[in-house]
Amino acid sequence: MAELQGLGAALSEAEKTGVEIVAVSPDPNARSHEMAQRLHLSYRFVADTDLAVTRRYGLVHARGGAHGEDVPTPTTVVLDRDGVVRWLWISTNFQLRPDPNEVLGAVRAL
Amino acid sequence: MRSAWLTILSVLVCAATIAAYALLLRVPAVRNHPEGYVAAFALAATVAGLAAALGRRWYAWTALALSVALLLSGAMFNFVLARIPEPHTTLRVGERTPDFSLPDAGGQTVSLAEYRGKKPVVLVFYRGYW
């Protein structure tokens with residue numbers, strides 16, 4: 001979540017309309033929406049409440065949650081206009097997130 | 001006297017490490033090097049150990065206990081608890097992702113296919129605030 005804020009800060013005004021940031025989380029939408037407003041983010045927050053999409057993408061961290069529940073593996077994917085993966089970052093430690101400048105570097109290189 | 005100064009130094013290193021990590025969590029260089037706080041606690045423990053060896057005072061022992069406790073819990077957190085096993089992802093660089101449709105905060109459906117041919121997409125899977 002904190003990384004989204006960093007991405008927002010690193011994007012120029014022109015880029016904000018040229019790229020779509022879609023944030024997927026099992027968090028209820030209301031919570032994500034509230035967070036987005038607090039952080040002044042204009043991304044699309046979508047709720048994968050039952051982790052169905054996360055599971056289809058093979059990104060579930062089984063029993064990784066604070067209460068032993070399944071949670072998503074923090075992941076950032078850059079897709080080009082054709083929907084092809086051009087850059088992929090999967091966390092191996094939940095403290096780690098990609099550097100927003102690296103993510104945007106991948107977007108700018110498209 | 002040197003023991004007292006070393007004790008103060010050890011406690012300061014511990015406090016500064018915790019404050020720096022909490023305050024600078026959003027700075028990628030800090031967040032992405034969590035082993036840095038483990039190293040700082042190890043340094044604090046070494047300094048406190050030196051203080052205890054030189055002075056054998058209660059305060060030196062207290063600083064040693066504190067820094068060793070932080071070192072052990074920090075190392076446990078970073079190297080064991082925070083680790084995520086490698087997922088068996090279906091995502092491959094150079095390949096298309098499967099499409100999906102999910103509801104957004106306004107109840108509107110967002111479909112990955114709607115951006116095809118139009119915009120690049122940064123897809124972020126996240127949990128909580130970390």
Charge sum, other residues only, whose C-beta stays under 12 Å from A:Ala109's C-beta, Lys/Arg counted +1 and Asp/Glu -1: 0
Simple Cβ-charge dipole of chain B, Lys/Arg +1 and Asp/Glu -1, about Cα centre, in debye nearest 20: 280 debye
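Please report the relative contact order for chain B, taking Cα pairs under 8 Å with a sequence separation of at least 6, and give it as a percent rounded to a whole number.
22 percent
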Shape of the range B:2-81, Cα gyration tensor, a/c cut at 1.5: prolate
Given charges at beta-carbon only (K, R positive; D, E negative), |dipole| of the protein assembly as shown in Debye: 620 debye
Residue among A:Pro28, B:Ile18, A:Gly68 farthest towards the positive dipole end of the protein assembly as shown, charges placed on Cβ: B:Ile18
Unit charges at the beta carbon, dipole of the range B:59-124: most positive-side option, B:Leu91, B:Ala60, B:Met76: B:Leu91
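None of the figures in this text is laboratory data; all of them are computed from the coordinates on show. Here the structure is a predicted model, which is why all the values come from computation and not from measurement. Note that we place each Cβ from the backbone using ideal geometry, even for glycine, and neighbour counts take in every protein chain shown.
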